[in-house]
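First comes the structure, then the notes that go with it.
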Amino acid sequence: MLFTMDWRLASFVLIPVPFVFIGTAIYWRRIYPRHYKLSDASAKVSSLINGIFSGIRVVKAFSQDARENERFVSSVEYQHAVRKGVNYSSSMFSPVMALVFSMGGFIVWYAGGRLVIEDRGVTLGTLMAFLGYLGMFYGPLQGLTELSAWTTSFLASSQRIFDILDTPAAIEDRIDALPLKEVKGAIEFKNVTFGYDPYSPVLKDISMKIEPGQFIGIVGKSGSGKSTLVNLLCRFYDVQAGTVKIDGIDVRDLRREDLRKHVGIVLQEPFLFRATITQNIAYGRPEASSHEILDAAKAAYAHDFIMRQPLGFDTQLGERGAGLSGGERQRVSLARAILYDPDILVLDEATSSVDTESEQEIRRALAVICKGRTTIAIAHRLSTLQGADQIYVIDEGYLAESGSHEELMAKEGIYWKLVKIQTELTNLGA
Ligand SMILES: Nc1ncnc2c1ncn2[C@@H]1O[C@H](COP(=O)(O)OP(=O)(O)O)[C@@H](O)[C@H]1O
Ligand SMILES: [Mg+2]
């Protein structure tokens with residue numbers, strides 16, 4: 001429209017356009033890293049608060065309130081400074097661009113006015129109409145500059161999200177991974193060597209063969225690599241040398257989802273969600289009937305203390321299972337594993353927080369649980385392993401001893417020593 005009315009005036013209109021492009025380019029280059037820094041600063045504030053609140057008891061107990069407060073304030077101040085920088089740049093950008101655009105208007109007023117006064121083919125009416133259309137042209141363009149301010153903030157935020165989404169998984173399923181339907185429960189570690197840092201192995205040349213249905217005990221000092229062994233079995237990590245096999249199939253050839261469907265773990269640190277006890281027990285099988293949940297709780301000797309809660313099974317637990325003692329939490333997570341009914345059950349120091357009295361119950365519970373499935377129990381308290389078919393002693397990453405309780409006692413080696421120390425301690429306590 002502008003060009004058909006008067007091409008000379010219309011070309012004046014375009015004079016600010018290159019400046020707008022240059023301005024926008026400069027703005028993008030300057031603002032983009034600032035937006036990125038801002039999201040980073042906000043994330044740090046959030047994780048700091050999260051850390052302080054989840055560890056509030058430690059903070060209070062060591063009276064570190066003032067220091068945490070200081071840390072929080074300095075982190076918020078940094079975020080504040082970064083945000084100020086971002087807001088400053090983006091509030092500068094739109095008005096400056098508006099100014100540049102209005103320059104185009106002034107040029108048209110001036111040049112068009114001269115053309116009208118000097119009577120060079122432009123009437124006053126044309127100029128007025130032209131200026132009217134000019135408003136319609138610049139209005140949306142200004143809207144576009146604001147849009148570019150939004151897009152920078154949006155792109156900087158999405159960049160951070162894609163950083164996470166695009167992180168490659170350390171462990172991938174093979175494309176031709178085998179499905180795993182029925183599991184008998186034979187497990188074999190063959191010359192397994194593994195370290196979280198490849199240059200300092202945690203497990204060294206471990207070989208063990210577990211028959212289906214066996215109850216296996218694993219003992220060893222803290223830090224000797226017991227939990228690592230479990231991580232390899234569930235394929236949270238891959239071995240560096242050797243193989244881990246289930247029913248004769250290398251776990252690396254299996255789909256992880258299938259593998260974990262058949263392997264149930266009770267972790268050293270039970271994790272309970274902010275939900276009712278029922279929901280926590282039924283976590284792995286949300287469709288389980290209340291009857292099955294009740295049975296699982298009974299098998300884990302959790303039924304009694306659950307019934308003592310104000311709302312029984314419907315009692316709402318707090319963050320990470322707050323409201324239950326450590327031993328009670330362990331028994332709820334044991335019930336969770338029982339309900340999951342895996343073919344292979346791994347208990348990683350699952351009864352370490354349970355007191356000696358309930359330990360009797362736990363032992364009876366274990367005897368029931370491990371029937372009909374391969375069970376690997378890592379135990380700190382050796383008395384829980386007396387009925388094991390086979391006990392493996394891990395020492396500094398090596399498989400030091402193996403055999404039944406009686407065989408290992410007769411050997412008078414590491415296991416014998418550990419048992420002796422524990423019985424002496426128990427006797428002292430009594
Ligand atoms: N995620 C990890 N990253 C790096 N090192 C780890 C990790 N987990 C455990 N370790 C190290 O591996 C060793 C064995 O740990 P772990 O298997 O947990 O011992 P435990 O026998 O007490 O269960 C320890 O020295 C520990 O520091
Ligand atoms: Mg451990």
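Pairs under 9 Å by beta carbon, first residue within 13 Å of ligand 2 (Cβ to nearest atom) in the range 330-353, partner hydroxyl-bearing (Ser, Thr, Tyr) and part of a strand (DSSP E or B), six or more apart or different chains?
As it stands, the answer is Val346/Thr375; Leu347/Thr375, since those pairs meet every condition given.
Being within 16 Å of ligand 1 (Cβ to nearest atom) and in contact (Cβ under 8 Å) with a residue 60 or more places away in the chain is the filter; apply it to the range 197-211 and report the residue that is surrounded by the most Cβ atoms within 10 Å (Cβ to Cβ).
Only one residue tops the list, namely Leu203.
It is to be established whether one or more residues within the range 56-69 are touching a helix residue (DSSP H, G or I) at 6+ places or on another chain (Cβ under 6 Å), surrounded by 11 or more Cβ atoms within 10 Å (Cβ to Cβ) and within 22 Å of Asp163 (Cβ to Cβ).
Scanning the range 56-69 turns up no residue that is touching a helix residue (DSSP H, G or I) at 6+ places or on another chain (Cβ under 6 Å), surrounded by 11 or more Cβ atoms within 10 Å (Cβ to Cβ) and within 22 Å of Asp163 (Cβ to Cβ).
Taking the criterion of being touching a residue at least 24 places away in the same chain (Cβ under 8 Å), assigned by TED's automatic domain parsing to the domain that holds Gly112 and of a type in the set (Gly, Ala, Ser), would at least one residue in the range 57-64 satisfy it? Write out each step before concluding.
As a first pass, look at the range 57-64 and keep what is touching a residue at least 24 places away in the same chain (Cβ under 8 Å): none.
Scanning the range 57-64, I find no residue that is touching a residue at least 24 places away in the same chain (Cβ under 8 Å), assigned by TED's automatic domain parsing to the domain that holds Gly112 and of a type in the set (Gly, Ala, Ser), so the answer is no.
Residues that are in contact (Cβ under 8 Å) with a residue 24 or more places away in the chain, within 15 Å of ligand 2 (Cβ to nearest atom) and in contact with a Cys (Cβ under 8 Å, 6 or more places away or on another chain): does the range 265-276 have at least one? Spell out how you get there, then give the answer.
Keep residues of the range 265-276 that are in contact (Cβ under 8 Å) with a residue 24 or more places away in the chain, which gives 265-268, 270-276.
Okay, now just the ones that are also within 15 Å of ligand 2 (Cβ to nearest atom), so 265-268, 270-271.
Retained after the next criterion (residues that are in contact with a Cys (Cβ under 8 Å, 6 or more places away or on another chain)): 265.
Yes, the range 265-276 contains at least one residue that is in contact (Cβ under 8 Å) with a residue 24 or more places away in the chain, within 15 Å of ligand 2 (Cβ to nearest atom) and in contact with a Cys (Cβ under 8 Å, 6 or more places away or on another chain).
Looking at the range 212-235, I want the residues that are assigned by TED's automatic domain parsing to the domain that holds Gly264 and have a partner that is part of a helix (DSSP H, G or I) and near ligand 1 (Cβ under 8 Å from one of its atoms) with Cβ atoms under 8 Å, at least 6 apart or on another chain. Which pairs are those?
Ile218/Lys226; Ile218/Leu229; Val219/Lys226; Gly220/Lys226
Could you list, in sequence order, the residues of the range 181-222 that are within 16 Å of ligand 2 (Cβ to nearest atom) and either over 15 Å from Ile376 (Cβ atoms) or not β-branched (Val, Ile, Thr) (or both)? So that I can check it myself, show each step before the final result.
Within the range 181-222, the subset within 16 Å of ligand 2 (Cβ to nearest atom) is 194-196, 202-203, 206, 216-222.
Across the range 181-222, the qualifying residues are Phe194, Gly195, Tyr196, Val202, Leu203, Gly217, Gly220, Lys221, Ser222.
So, Tyr133, is that one in the same structural domain as Gly23 (by TED's automatic domain parsing), farther than 27 Å from Ala25 by Cα and part of a helix (DSSP H, G or I) or not? Reasoning before the result, please.
Working: in the same structural domain as Gly23 (by TED's automatic domain parsing): yes; farther than 27 Å from Ala25 by Cα: yes; part of a helix (DSSP H, G or I): yes.
Criteria met by Tyr133.
The values are calculated or read from the model by the stated rules, or taken from the named source; none is laboratory data. On a predicted model such as this, the values are computed, not experimentally measured, just so you know. Neighbour counts run over all protein chains shown; Cβ positions are idealised from the backbone, glycine included.
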